[in-house]
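Bear in mind that the values in this text are calculations on the coordinates, not laboratory data. These numbers come from a predicted model, not from an experiment. Reconstructed Cβ throughout: ideal geometry from the backbone, glycine too, with neighbour counts over all protein chains shown.
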Amino acid sequence: MRLDIVMDKYKKLIHIIGPHENKREEILSCATNALRHASILFKFEKGVDIVIFDSEEWDIHPKLHISGHARIYYIEIKVCHYKKSFNFENFIKYELPSTIFHELSHVVRANTVGYPETLLEELVDEGISCYIEKTLGLNNNLPYIDKINDEEKLINEVRKFFDLKLSTKLHNDWFYGTASIPEWAGYRLGYKIVESFVNKHNTPLDILVGMKAKDIY
Ligand SMILES: [Zn+2]
């Protein structure tokens, strides 16, 4: 198929709401490219709608400029354009493409193995998305997988809850932190689980995205 026709297919899936008019074309072309590349890499043909809209500063983590969320049918990306530390070049070059790869991995999993239901499934789901971002080097600033203290201890601790059904509390404790669990621990531990699996088995990314959590851990 001709490239312009292929590009058009992905372009139609990108919906931009909010950002300044003069930036729309750049955002559209960046998101279209990232979606096309990620779809090819994951061998995910059917495509998914991506909505990109601007949001409030309080709605985005203080260490980030962008937040993403994926469901089987769509990816939602929120960005705060007026935040002081926001840099449009970085957004276009690194943050937006990397986030699209991260979120498309969730979409592929939702379409294959289904949504995570247990804490282990959630850890592996996030771990795969983060591993993809890290290994492709699309964005060097991924604070949610920075090294944390006592990782071995935390892995032994989190293991006790692996089979528990996800709840708001269980999810927030491990991903957003509590007094005893560091913030983002779930992302880091999930990333470590996936990294050690891929190092051992050399799994290609298109296979990895569709693997069941229990086969990875
Ligand atoms: Zn994620």
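Observations on the structure shown:
- Under the Debye formula (equal points on every Cα, no solvent term), log10 I(q)/I(0) of region 119-216 at q = 0.16, 0.22 Å⁻¹: -0.64, -1.18
- Computed P(r) (all Cα pairs; region 53-119; 10 Å bins; percent): 21, 45, 26, 8
- Rg and Dmax [Cα atoms of the chain; Å; Rg one decimal, Dmax integer]: 17.2, 55
- Under a Gaussian network description of the chain, with springs only between Cα atoms under 10 Å, the residue in 118, 135, 168 that fluctuates furthest is 168.
- For the chain, the dipole from Cβ point charges (+1 on Lys and Arg, -1 on Asp and Glu) about the Cα centre works out to 400 debye, to the nearest 20.
- Choice from 99, 178, 32 showing the highest fluctuation, given a GNM over the chain with Cα pairs closer than 10 Å: 178
- For region 3-48, GluC sites (Glu not before Pro) meeting the loop criterion (DSSP other than H, G, I, E, B) and having at most 13 other Cβ atoms within 10 Å: 45.
- If the Kirkwood radius is taken over C-alpha pairs of region 3-112, then at 37 °C and 0.692 mPa s the Stokes-Einstein diffusion coefficient equals 234 µm²/s.
- Put the Cα centre of region 39-80 next to the Cα centre of region 113-144 and the gap is 14 Å.
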